[in-house]
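Quick notes on the structure that follows.
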Amino acid sequence: MKDRQFTPDELTALEPYEDSITGNLTVEPVVGTSLVNIRYRHTNPELAQKVANTLADVFITNNLERQESGNSKADVLLMQAIANYQDKVKKESDARFGFARDNDLPLDNAPGSNLDQVRAQTYSQQLLAAENERRNKLAAYEAAKSAADPFSNPTVQKDERIIELRKKLSDLRIKRQRCFKNSRPNARR
């Protein structure tokens, strides 16, 4: 309920009533609370009750409007302060993150972003992969070494150097056979 602005004539006309109301009105605070007792004296009890209740409603409405007005201003100021602090925290956090990143320091706020820890984890993964590869190659070597025909091992058979060497060996065998055929003096033709 917004305050209605009275004209000067209306204020003059209401002045005797205002004096009558304030003269018969008693407002007493209740000790230990923020409450008040409002009493209005009049010869007509119903009118006295209506005036007291209306004054209480006006007081409550004015008090709420005053609080809301204060709250609105406080809300705006609080929101501005929060925005300023959030901006300040973001800038400080970015600066701290940049410093930590530039100096290879642990970054507490970002999981897994400690550069030394990431490096150690990467090295550990590489070591495990290398150890697995070594085990596989050692097993293939042992299998080839203990086999009757070392070239029968599938890993050995797939090796390109072995394939090339087998091809050269085959070519050399063919040449050898030709040489033997050509070198026999009584070879049948």
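Quick one: if the Förster radius is 35 Å, what FRET efficiency do Ala120 and Ile82 give, using the C-beta to C-beta distance and rounding to 0.05?
On the way: r = 40 Å, r/R0 = 1.14.
It comes out at approximately 0.30.
What does the charge count around Gly23 come to, taking other residues whose C-beta lies under 14 Å from its C-beta (Lys +1, Arg +1, Asp -1, Glu -1)?
Values: positive: Arg39, Arg41; negative: Glu15, Glu18, Asp19.
Net charge around Gly23: -1.
Between Leu47 and Asp102, what length in nm is gained on full extension when 0.36 nm per residue of separation is reduced by their alpha carbon distance? Numbers along the way, then the final one.
Numbers: separation 55, 0.36 × 55 = 19.80 nm, distance 8.03 nm.
Length gained between Leu47 and Asp102: 11.8 nm.
Using a Förster radius of 25 Å, what is the FRET efficiency between Ala13 and Asn62 based on their Cβ-Cβ separation? Nearest 0.05, please. If you can, show how the numbers build up before the last one.
Values: r = 22 Å, r/R0 = 0.88.
Step by step, r from the Cβ atoms, then E = 0.70.
Report the FRET efficiency, 1/(1 + (r/R0)^6), for Glu131 and Gln157, where r is their Cβ-Cβ distance and R0 is 35 Å, rounded to 0.05.
Values: r = 25 Å, r/R0 = 0.72.
Given R0 = 35 Å and the Cβ-Cβ separation, E is 0.90.
Quickly work out the Arg178-to-Gln5 label distance, labels modelled 7 Å from Cα along the C-beta direction, and quote it in nm with one decimal.
Calculated label separation equals 12.0 nm.
Every read-out reported here was derived from the displayed coordinates using simple, explicitly stated rules and does not represent laboratory data. Quick caveat: nothing in here was measured; it's all calculated off a predicted structure. No Cβ is skipped: glycine too gets one built from the backbone with ideal geometry, and neighbour counts run over all protein chains shown.
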